[in-house]
Structure formats: structure tokens, C-alpha cells
Amino acid sequence: MKSEGLILILSAPSGAGKTSLCRELFKTFPDIKESVSYTTRTPRVGEIEGEAYHFVSHAEFEDMVKENSFAEWAMVHGNMYGTAMYTLEEARKNGIDLVLDIDCQGALRLKEQFDGGVYVFILPPSMAELRRRLEHRSTDAQDVIERRIARATEEIKEARWYDYIIINDDFAVACQELASIVTAHRRKSSRMIEKVGKLFVI
Ligand code: 5GP
């Protein structure tokens with residue numbers, strides 16, 4: 001029997017560096033897959049249907065909610081986002097490790113109704129640094145930045161119930177820490193036993 005895949009849930013306030021950390025994680029572990037969520041948000045330039053997201057209408061999204069097709073869903077910045085149950089079930093069944101980049105409301109819903117995920121929260125080193133990063137990187141208006149900071153202040157309170165917390169101060173260190181979490185879960189005896197059975201008589 002194939003051992004179950006790891007479901008790795010990553011959340012972070014905007015500006016904590018989650019996207020860059022994810023990119024490095026996929027380079028380190030090319031066999032890890034990214035969950036493709038459903039969203040009602042309009043595609044940004046260059047975003048292709050089925051790659052970053054499945055782009056659906058409000059009506060389609062609501063139908064999926066009614067049909068209980070989502071393992072979790074949430075409203076983020078005025079748009080709906082959701083992870084389809086089949087995405088998680090197929091990955092698990094096929095022993096594929098899957099990363100979910102989802103907000104804390106969705107992560108909490110998932111934790112309440114889906115067993116066995118590994119929850120990682122990524123933090124900036126300080127609120128001052130978060131502000132600096134947001135002001136530095138974006139062309140957003142000051143009120144948008146203030147809204148992101150207010151939201152980050154609330155989101156950071158959720159870090160306590162995650163399994164792991166990574167403080168993204170030194171990017172290389174944060175990458176190593178995230179990779180260590182994946183490696184530790186891949187070395188669980190429940191994951192290793194199939195391989196061990198091929199190497200030894202057990
Ligand atoms: P963006 O629109 O910038 O790609 O994503 C905005 C936010 O939505 C990010 O914080 C991301 O983590 C969150 N998000 C993306 N997909 C999902 C999802 O399936 N469920 C939930 N709850 N949040 C999501």
C-alpha cells in the first residue's frame with residue numbers, strides 16, 4: 001500500500017516572504033506539488049487557468065460550496081478562495097506531498113475537518129520590518145499598505161495554533177527550516193516502512 005502524502009499548509013501575512021519560500025521549497029523538492037485552489041478573483045496578467053488557480057464565477061463557486069466540494073474556503077481581500085476536497089484526497093491516495101498556500105481562516109477550517117495536515121506559519125522578524133518590506137516592494141497606496149499591516153496584526157495572532165512557526169529574517173535559514181520540516185515528515189517510520197520493506201526482511 002502506498003504511504004499517504006504529506007499535506008503541508010503554509011500561511012503568512014502579506015510581506016512575510018511566503019511566495020519566495022515556496023519557490024525555494026519546490027526547487028529543493030521538485031516532487032512536491034502545489035495545490036491549485038479555486039478563486040473568484042480575476043486572473044492577473046500572465047496567470048493561466050489551472051496553473052496558479054482555477055478561475056471561476058461567483059455562481060460556480062457558490063455551487064461548489066453547496067455541493068460540499070471544498071475542504072476549506074474563505075473570503076480573502078474581497079474574493080473567494082477554496083481548496084477542493086478531491087485535490088487533497090487524490091494527493092493523499094497517490095502518496096503525493098502537497099503544499100497549500102492558504103490564509104489562516106481557511107487553514108483553521110481545514111484543521112477542524114481534515115486530519116493529518118502539517119501547519120506552518122511564516123512570520124516576518126518584526127512589524128517594523130514587515131512595514132519596510134511592504135513599503136519597499138509595492139507600488140500600493142499608503143492606505144492599502146496600512147490595511148495590509150492591520151490585517152497582518154490580526155493574522156499573526158493565529159500563529160499559536162499552527163504546528164510550526166518560521167521567522168523569515170535570514171531567507172536562507174528560513175528555507176532550510178522549511179525544508180527540515182518536510183524532511184522530518186518524510187522520514188516518519190510510517191512513510192519509510194514501505195522502502196525499508198524492499199531493502200530488508202522485516
Ligand atoms: P492571491 O490572490 O494574491 O494569489 O492570494 C491572496 C490570498 O489568498 C493569499 O493569502 C493566499 O494564501 C490565499 N489563498 C489562496 N488560495 C486559497 C485557498 O484555497 N483557500 C484559502 N483559504 N486561502 C487561499
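Candidates Gln113, Ile165, Met80 compared by Cα position along the dipole of region 50-202: farthest toward the positive end lies Ile165, with charges placed on Cβ. Using +1 at the Cβ of each Lys and Arg and -1 at the Cβ of each Asp and Glu in region 134-202, identify which of Val196, Thr183, His136 lies farthest towards the dipole's positive end. The residue sitting most towards the positive pole is Val196. Dipole size of the chain about its Cα centre, with +1 on Lys/Arg Cβ and -1 on Asp/Glu Cβ: approximately 660 debye, rounded to the nearest 20.
The slack between Ala59 and Ala128, meaning 0.36 nm per residue of separation minus the straight C-alpha distance, is 20.8 nm. Along region 34-41 the Karplus relation, 6.51 cos²θ - 1.76 cosθ + 1.60 evaluated at θ = phi - 60°, assigns HN-Hα couplings of 9, 5, 9, 7, 9, 8, 8, 5 Hz to successive residues, with x for each Gly and Pro. Put simply, the amide H of Ser3, placed in the peptide plane, has no neighbours under 5 Å, leaving out anything fewer than 5 places away on its chain.
Both radii are taken from the alpha-carbon atoms of the chain; with Rh as the Kirkwood radius, Rg/Rh is 0.99. Give, to the nearest whole percent, the P(r) tail of region 2-106 beyond 21 angstrom, counting all Cα pairs. Of the Cα pairs, 36 percent sit more than 21 Å apart. The stretch between Ile202 and Val45, if pulled fully straight at 0.36 nm per residue, gains 51.1 nm over its current Cα-Cα span. Evaluated with a Cβ-only charge set (Lys, Arg +1; Asp, Glu -1), region 1-70 carries a dipole of roughly 320 debye about its Cα centre, given to the nearest 20. Estimated from helices alone, the mean residue ellipticity of the chain at 222 nm is -14000 deg cm²/dmol (sum of -39500 (n - 2.57) over DSSP H runs with n ≥ 4, per residue).
Computed over region 115-172, the P(r) curve from all C-alpha pair distances, binned at 10 Å from the origin, holds 20, 46, 27, 6, 0 percent per bin.
Considering only Val45, Gly5, His58, and ranking their Cα positions along the charge dipole of the chain that arises from unit charges at the beta-carbon of Lys, Arg, Asp and Glu, the one farthest toward the positive end is Gly5.
Rounded to the nearest 20 debye, the dipole size of region 145-189 about its Cα centre is 260 debye, using +1 on the Cβ of Lys and Arg and -1 on the Cβ of Asp and Glu. Close amide H partners of Ile167, meaning residues 5 or more places away or on another chain with modelled amide H under 5 Å apart, are Leu123. Enumerate the residues in region 144-163 having an amide nitrogen under 18 Å from the point lying 7 Å beyond the Cα of Arg137 toward its Cβ. Label zone hits: 144-156.
Each reported figure results from applying straightforward, stated rules to the coordinates on display, with no laboratory input. Because the structure is a prediction, the values reported are computed rather than measured. Cβ sites come from the backbone with ideal geometry, for glycine too, and all protein chains shown count toward neighbours.
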